[in-house]
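Structure incoming, see below.
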Amino acid sequence: MELKRVVITGLGTINPLGNSIEEYWKGLKNGVSGASTITRMDISNHKTHFACQVKDFDATLYMNKKEARKCDLYSLYAIAAAQEAFNDSGINLETLNKERAGVIWGVGIGGGGTFFDEVRSFNPEHPKVNPFFIPKIIANMAGGLISIRFGLKGPSFTTVSACASSSHSMIQAYNLIRLGKSEVFITGGSESAVNNVGLSGFNSMRAISTRNDDPLTASRPFDKDRDGFVIGEGAGALVFEEYQHAIDRGAKIYAEVVGEGMSSDAYHMTAPDPEGRGAVQVMKEAINDAGLKPEDIGYINLHGTSTPLGDLSEAKAIGNTFGDYTSKLSISSTKSMTGHLLGAAGAIEAIASIMVLREGIIPPTINHFTDDPDIDSRLDLTFNKPKKREVEYALSNTFGFGGHNATLILKKY
C-alpha cells in the first residue's frame, strides 16, 4: 500500500507569547520570556507565585458570552487557536467533504479550574452543581466543540498522555491521513492549569520553579541552577491535510510531516529514565519512519522543561542517538520562553519547528547563566541569542509523566 503524503496548511495559537502565530513567532525570535506574577487568583499561600500566562484573551472574539460560560478555559483556548488555524488554511466549508475531515486533540488535564470551583462550592446537603459541570471538565470536550464549530464529521477524539498529549494527537492525524482514511484534520492541543489546584499539585511534587524573586528568568533549561519548570497555558492548532487534496485546492503549504515515533520509558510515574533510553528509542523510530539518517536532522526542538532530571536525561539521549553528529545539530528549548504548556506543549513546539524551517532562524534557549558540567558539551543549545541557519528537517520531542514519549519530524516545503 502506498502511503499518502501529509502537509500542514494552517496554524493557530493562543499562548504566553501572544494570541496569534505572528505574535508567537516574534516573541520566540526575540527571546521574550512569557513569565509573570499570577494575578487571576490569590497566590500568597502558594510556594510559587508566577506562571507563563495567556494575556489579553477575549473569548467573545470567538463566541458570545452565553456560549463562553459553558466552556472551561482550556476549551476556549482550543476554539480560538483552531479558528485561527482554519482561517489560515483557506479551506472552504462549502466544498469540503466533512465526512473526510475530523479533529484529533490533545489534553493533559482538562477542566481542572472548573472542577476546583465546583467542588469548593459544593454543599452535600443540597447536592447540586452547574449543569455544564461535566461537559466543562471532561478532556474530550475541546475537540468535540471544534468538530461542532466547523461541522467536521470524520474521526473526532482526544489523546491524553500528559505532556505528550498533543504530539500523540498530531501523530494520529498524520497516520490516519497517510493511510487514506481521512483527508483533513484540525489537530493540536490545549491546557489551562494556571489555577489553585494546578499550582498546588505541581508544587507538592516539587516539579515547578519557586524562583519568585525573578520570574522572567525562572525557566532555565539545561542551566546548572534550574529548579523546575514554569507552568504555561494556551493552545496550538495545526491543519494537517493530504498532499494532493491541498494541491488541488491551491493551498499554502507550511511544511510536510515525514516521520513519527512513539515509545514508553516503562520506568517511573514522573521521573524519566536516567539514561534516556525511551527518548533514544523514540527519536530513532521517528528518523527511521521518515527514511532518514541522523545527520539529515538540522534542528531539534527539545522537550527541555528545566527540570534537573529531565534535561539531563534528554541531553544523554541526544548524544546517544546522534553520536559524532551531535555537535553539528542546532538545538533549543522554547519552553525557556513559553513555560511548559503540558498537554499543549507538543503543538506549539511543532509550530515553532515549522517556523524554523520557513524562516531559517533558530530561536534561543534563554535564561542561561551557568553551564552544567553534567550536560553533554557537544550540544549547541543556542543559548540566549537566536541564530540563522537553513534547515531541511526538524525534529520535535515531547515526553510526558508516565513515561510517554512522542517525536515528530517535519520537512521544509
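The values are calculated or read from the model by the stated rules, or taken from the named source; none is laboratory data. Keep in mind that what you see is a predicted model, and the values were worked out from it rather than measured. Methodologically, a virtual Cβ is constructed for each residue, glycine included, from the backbone with ideal geometry; neighbour enumeration extends over all protein chains shown. Heavy atoms of the whole protein, side chains included, go into the accessibility calculation; ligands, DNA and RNA do not. Shrake-Rupley method; radii C 1.70, N 1.55, O 1.52, S 1.80 Å.
Give me the residue from region 183-210 that is part of a loop (DSSP other than H, G, I, E, B) and either of a type outside the set (D, E, K, R) or in contact (Cβ under 8 Å) with a residue 40 or more places away in the chain (or both) and, out of that set, nearest to I109 (Cα to Cα).
A193
The rows are residues; the columns are (1) within 16 Å of I148 (Cβ to Cβ); (2) aromatic (F, W, Y).
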residue: F50; (1), (2): no, yes
residue: V54; (1), (2): no, no
residue: F57; (1), (2): no, yes
residue: M63; (1), (2): yes, no
residue: K66; (1), (2): yes, no
residue: K70; (1), (2): yes, no
residue: L76; (1), (2): yes, no
residue: E84; (1), (2): no, no
residue: E94; (1), (2): no, no
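In region 218-249, which residues are in contact (Cβ under 8 Å) with a residue 60 or more places away in the chain, out of contact with any Ser or Thr (no Cβ under 7 Å at 6 or more places or on another chain) and open to solvent by 10 Å² or more (accessible area, probe 1.4 Å)?
Across region 218-249, the qualifying residues are E242, Y243, Q244, H245, R249.
Hey, another quick one. Of all residues in region 159-186 being more than 26 Å from T307 (Cβ to Cβ) and polar (S, T, N, Q), which is surrounded by the fewest Cβ atoms within 10 Å (Cβ to Cβ)?
Looking at residues that are more than 26 Å from T307 (Cβ to Cβ) and polar (S, T, N, Q), I get N175.
Name the residues in region 340-386 that are among the hydroxyl-bearing types (S, T, Y), more than 24 Å from F50 (Cα to Cα) and in a loop (DSSP other than H, G, I, E, B), would you?
Result: S377, T382.
Answer with yes or no whether V239 is in contact with a Phe, Trp or Tyr (Cβ under 8 Å, 6 or more places away or on another chain) and assigned to a helix (DSSP H, G or I).
On the way: in contact with a Phe, Trp or Tyr (Cβ under 8 Å, 6 or more places away or on another chain): yes; assigned to a helix (DSSP H, G or I): no.
Taking the combined requirement at face value, the residue does not satisfy it.
Let me ask another. Taking region 273-287 as the region of interest, how many residues are touching a strand residue (DSSP E or B) at 6+ places or on another chain (Cβ under 8 Å) and either among the polar types (S, T, N, Q) or at positive phi (or both)?
1
Taking region 109-118, which residues are open to solvent by 20 Å² or more (accessible area, probe 1.4 Å) and either farther than 24 Å from T270 by Cβ or under 14 Å from the mean Cα position of the chain (by Cα) (or both)?
Those that are open to solvent by 20 Å² or more (accessible area, probe 1.4 Å) and either farther than 24 Å from T270 by Cβ or under 14 Å from the mean Cα position of the chain (by Cα) (or both): I109, D117, E118.
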